[in-house]
Structure formats: structure tokens, C-alpha cells
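The values are calculated or read from the model by the stated rules, or taken from the named source; none is laboratory data. From a predicted model like this one, the values you see are computed outputs, not experimental measurements. Don't worry about glycine lacking a Cβ; one is built from the backbone with ideal geometry, like all the others, and counts go over all protein chains shown. Heads up: the accessible areas ignore ligands, DNA and RNA and are worked out on the full protein's heavy atoms, side chains in. Shrake-Rupley method; radii C 1.70, N 1.55, O 1.52, S 1.80 Å.
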Amino acid sequence: MTSPAPRSTQTAGVAYAGGAYLLWGVLPLYFLLLTPTGPWEVVAWRVLLSLVFCVILLTVMRGWAAFRVIIRQPRLLGWTALAGLLIYVNWQVFLIGTLTGHVLETSLGYFINPITTVLLGVFVLKERIRRLQWTAIGIAAVAVVVIVVLYGSFPWIALSLTASFGLYGLIKKKIGPAVDAVSGLTLESFWLIPIAVVQLVLVATTPEGITMGANGPWHAALLAFAGVATAVPLLLFAAGARRIHLTVIGMIQFITPIMQFLIGAVVLGEPMPLERWIGFVLVWVAIAVFVTDLLLAARRGRRAIVAAV
């Protein structure tokens, strides 16, 4: 039987994971500060500067030895390349949504994400899930149909975000502890260099051109910070996930979409007609069912441990 982690370790884990989700929650406000830079240029700098930041971290943390072990394994390189493409799609869609007035739809994607993760576990990993989890999945599916039919708009941003991040998490689970967080993000960013360079070249041919350095030192500094803003929450999440149970992670992760929903609806004043409210309320009901299932499963697990002792 595995002994529970010390309370100090669990507290640190909650702090790390909570910090990651809080940072992800305020990212829309940060990216909106980068205007007039468009989503394609932002993502290109995000890729390149994340790589620079990770290289610095590998050097400071003396992680090059572990990195060299990873790059000698073609299987791991293939998985990191696929992970890189998926996180690129996630970043690009998120930036398009944020900078085109669709923050509410990005929040919808991250509300649905835990349920998408469960579905991937069922169909890809052949995991068995409980009745309440199936109920949550059904309610979430109805919510998407309601948004499409009543609101009259296919939520491609939300579904693209949840699909790309869900598959990204699946690959991370497949890789497991064989690739540490810093080495993984370094390789993922490295594989995306050609895409980032092509995007910058294409942006340079547009009438707006490259905005880095063209809008004053404050804007340039904010844009240069994109690498840190990308890497830090990912590293905090990795540190937290190692210290606390998945059940706790499952509940903490709703910090991000709640914050993004409030930013979109309250701060940015994005429209919330009745049809969209109905869809969101259905999603929240699905989440309530999902979290209830997590809590009941955790309680049963604690009772089983006590009985075994």
C-alpha cells in the first residue's frame, strides 16, 4: 500500500497547481495587452521565446544530461513532436479566440476538457468509467447541441481547444516520467521552430508587418515575456501534479475556465444571450455531476484504505 504524501507536500502541490491554473486564467488579459500584434505573430514568438527560456532553465537546473538521454530515444522524440503539434494547435486557436472577441468560447472549451479527457481514457486507453461520469458526458453533449442549434454557431474554438489539449494530455500520460517537464517543453518548442519561422515570414508580408519593436519598449517587453508566460504555468502544473492526487487536480482545474468566463462576460462584455446561457448552464451541471463523482470516488478510496489498515 502506498503511504499518503506528507501534508506539507500536498499543500505545496495544491499551491503549484493552483498557481498554474490562476496564471492560465488571466492569460486572456495578458494577450490582449499585446495588441496590435495578431494571433499568428504572438504564437510564433511564443514558440521561439519558450525555447529560449527552456534552454536557460536546462542550463541553470543542470538538466542537459537528462535531455541527452531523451534525444537518444527515437520513440520519445516522436511523441514529443506529436505533443508539440497538438500544443501548437491549442495555442493558436486560443490566441485566435482571445484576440477576436471569443474569450467566452475559450472558457467553454476548458470547461468541457475534463470530460473530453475521460472520453479519451475510455476509447483510447480502454478504461472503464462510472455511471455518473457517463451522465456528465451525456449532459455535456446535450450542451454542445444546444449551443449549435439554439445559438446558431458551431463552437469550433471550444471543441478545438478541448480536443487538442485532451490529446496533448493523453500523450503526456503515454510518455510518463520518461520525459521531465523542462526537457519535454524544450523539445516541443524545438519541433515547432519551422512553423514559427514561416509564420513570422508570412506576417512580415502583410500590411501590418512584424510588430516586435515597432510599438515602443513596453510593448516589446510584454511580447518578449510570452515565452515565460507560456513555460511557467506548464512547469508549475508539472510540479503540482507530482505531489497531489488526480482527484484534487480535477477540481482545481476549473479555476481557469471560471476566470476566463468572468473575464469574457464581465470585463470584456462579450454577449451572453439566453441560448448561450442555456448551453453554459448545462455544461456547469455536467461539471457538478463530474465533481460529485470525483468526491464520491475519493471517499470510497479513503474508506478502503481505512478498512485495509
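For the chain, modelled as a GNM with alpha-carbon contacts under 10 angstrom, which of 147, 137, 157 fluctuates the most?
With Cα springs under 10 Å in the chain, the top fluctuation among 147, 137, 157 is at 147.
What FRET efficiency would be calculated for the residue pair residue 198, residue 124, taking the C-beta separation as r and a Förster radius of 51 Å, to the nearest 0.05?
0.95
Which aspartates and glutamates, on any chain, are close to residue 126 with Cα under 15 Å apart, when same-chain ones fewer than 8 places away are left out?
none
R0 = 30 Å: FRET efficiency of residue 62 with residue 210, Cβ-based, nearest 0.05?
The formula returns an efficiency of 0.25 here.
Quick one: if the Förster radius is 25 Å, what FRET efficiency do residue 274 and residue 148 give, using the C-beta to C-beta distance and rounding to 0.05?
About 0.95, to the nearest 0.05.
For region 41-58, take each phi angle, set θ = phi - 60°, evaluate the Karplus expression 6.51 cos²θ - 1.76 cosθ + 1.60, and give the result in whole Hz per residue in order, putting x for glycine and proline.
Running phi through 6.51 cos²θ - 1.76 cosθ + 1.60 with θ = phi - 60° gives 6, 4, 5, 4, 5, 4, 5, 5, 6, 5, 4, 4, 4, 5, 4, 4, 4, 4 Hz.
Would you list, by chain and number, the aspartates and glutamates whose Cα falls below 17 Å from the Cα of residue 174, excluding same-chain residues fewer than 8 positions away?
Output for residue 174: 127, 188.
So which residue, out of 276, 46, 299, gets the largest mean-square fluctuation from a GNM of the chain using Cα contacts under 10 Å as springs?
299
At a probe radius of 1.4 Å, what is the per-residue accessible area of residue 33, in Å² to the nearest 10?
Rounded to the nearest 10, the figure is 100 Å².
If each DSSP helix of 4+ residues adds -39,500 (n - 2.57) and the sum is divided by the residues in the chain, what number results at 222 nm, nearest 500 deg cm²/dmol?
-26000 deg cm²/dmol
Please list 3J(HN,Hα) in residue order for region 67-72, calculated via the Karplus relation 6.51 cos²θ - 1.76 cosθ + 1.60 where θ = phi - 60°; whole Hz, with x for glycine and proline.
So the J values, rounded to whole Hz, are 5, 5, 5, 5, 6, 8.
Using a 10 Å cut-off on Cβ atoms, rank the peptides 196-208, 79-91 from the highest mean neighbour count down.
Most protected by this proxy first, the peptides run 79-91, 196-208.
Looking at the chain from every direction and averaging, what is the projected area of its Cα convex hull in nm²?
17.9 nm²
Explain nothing, just compute: Karplus ³J(HN,Hα) = 6.51 cos²θ - 1.76 cosθ + 1.60, θ = phi - 60°, for every residue of region 16-21 in order, whole Hz, x for Gly and Pro.
Values per residue, Gly and Pro as x: 4, 5, x, x, 4, 5 Hz.
Just how far, in whole angstrom, is region 200-249 from region 1-70 if you go by their alpha carbon centroids?
Result: 9 Å between the Cα centres.
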